[in-house]
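What follows draws every value from the coordinates through simple rules; no lab data is involved. None of the values given here were measured: they were computed from a predicted structure. Every residue, glycine among them, receives a Cβ derived from its backbone with ideal geometry; neighbour counts consider all protein chains shown.
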Amino acid sequence: MDRTKTPRLALTRLFPPDVMARARRDYAVVAENTDDVPVDGPRVLAMAAEADAILCAAGDPMGEATIVALPASVRAIATFSVGTDHLALAAAKARGIAVTNTPDVLTEATAETTMLLLLGAARRAAEGERMVREGRWTGWTPTQLMGLQVSGKKLGILGMGRIGRAVARMAHGFLMEVHYHNRTRLAPELEQGAIYHSDASSMLSAIDMLALTAPGGASLANWLNAERISLMREGVVVVNSGRGSLVDDNALIAALHTGHVAAAGLDVFANEPRLDPRYRECVNTFLLPHLGSATVEARNAMGFRALDNLDAVFAGKEPPDRVA
Ligand code: DGY
């Protein structure tokens, strides 16, 4: 990198220490978020006032209103996420701002979280943990906190992308029969024996457990609605490590109350972090604070991948993970 023209970078979040160190080594960091609290649109604009690039993260307000108001100096936005639903990609493209994401590097971590949700929800881990922590455990009993066994069950996956396929691989270790619904069928080497359903209804009626791993987006908004829930068998377990927007919260909460959905494991929510408070009141939910990719390994790799993309832009090359 030409040190005489060090690109100026705005960091909307406090990133992992090794990522911050590399960003400071290779860029002139002109704005950063030392409080580590989520930023609003005006703050992003203030941070970007003297920047050539922005390193942002999932959930940042990078919608159309922000993108159109960015200064002309901004040539690139790298998001520290695989998801891009917080970014107005068309608006960025229209302004010629390169936008990149961080695919691949968080696949295993997010698939692990999906399995954690599945096990935590099906095996009533949150109830058990609260019982022990709150000193309410009076000892082992034959009927205490009986959950549902995951092993050998039929798992449906919505979104057989990288993360969905990693979940399928892990689920095979639990001897689960994997079903999936995608717009298009995968090649056999990617399918890994999973059963394809071109029609979501056919998958939903075949499964015992459902994992939502799709990245969200307008076409899948409220995908898990009352009608689709009713197609699944009584006592189904539902987990979501994709995006909160995939779920119609009213429908899922109603089904958690009737027991049609026996348990839900949720790592993502609509309007994070202000999730629908009724989820907290459901005894049969296992709730995590969007920590799908939260491992040291994945978070460092995400930061390095984001910086690799910015390095490419400022070296005059096509960034490998360009999404706009
Ligand atoms: C992503 O990368 O999109 C996640 O949701 C954050 O880990």
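Worth a mention:
- Just so you know, the Cα atoms of the range 91-132 work out to an Rg and Dmax of 18.6, 55 Å.
- Modelled this way, with points 7 Å down the Cα-to-C-beta line, the labels at residue 94 and residue 28 are 3.1 nm from one another.
- FRET efficiency, residue 254 to residue 132 (Cβ-Cβ, R0 35 Å, nearest 0.05): 0.70
- Cα-Cα P(r), the range 107-287, percent of pairs per 10 Å interval: 10, 40, 36, 12, 2, 0
- Dipole magnitude of the range 33-97 about its Cα centre (Cβ charges: Lys, Arg +1; Asp, Glu -1), debye to nearest 20: 300 debye
- Binned Cα-Cα distance frequencies in the range 1-57 - 5 Å width, integer %: 4, 21, 32, 23, 13, 5, 2
- Candidates 30, 239, 82: whichever shows maximal mean-square fluctuation once the chain is modelled as a Gaussian network with Cα springs under 10 Å: 30
- Relative to the compact-globule estimate of 2.2 N^0.38 Å, the Cα radius of gyration of the range 67-152 comes out at 1.88.
- Distances between placed amide hydrogens fall under 5 Å for residue 80 paired with 56, 57, 58, all partners being 5 or more residues away or on another chain.
- Whole-Hz Karplus values for the range 69-76 come out as 9, 5, x, 4, 5, 6, 9, 8 Hz, taken residue by residue from phi with 6.51 cos²θ - 1.76 cosθ + 1.60 and θ = phi - 60°; glycine and proline positions read x.
- FRET E, pair residue 192, residue 278, Förster distance 35 Å, beta-carbon r, rounded to 0.05: 0.45
- For the peptides 144-152, 110-118, the ranking by packing is 110-118, 144-152, with the highest mean count of neighbouring Cβ atoms within 10 Å listed first.
- By the Stokes-Einstein formula, at 0.890 mPa s and 25 °C, the range 155-216 with its Kirkwood radius over alpha-carbon pairs has D equal to 219 µm²/s.
- Taking label positions 7 Å along the Cα-Cβ direction at both residue 205 and residue 318, the computed distance is 4.5 nm, reported to one decimal.
- Treating each Cα of the chain as one equal point scatterer and applying the Debye formula with no solvent, the log10 of I(q)/I(0) at q = 0.12, 0.13 Å⁻¹ comes out as -0.85, -0.97.
- Rounded to the nearest 20 debye, the dipole size of the chain about its Cα centre is 180 debye, using +1 on the Cβ of Lys and Arg and -1 on the Cβ of Asp and Glu.
- Sites residue 21 and residue 68, calculated FRET efficiency, Cβ-Cβ separation with R0 25 Å, nearest 0.05: 0.15
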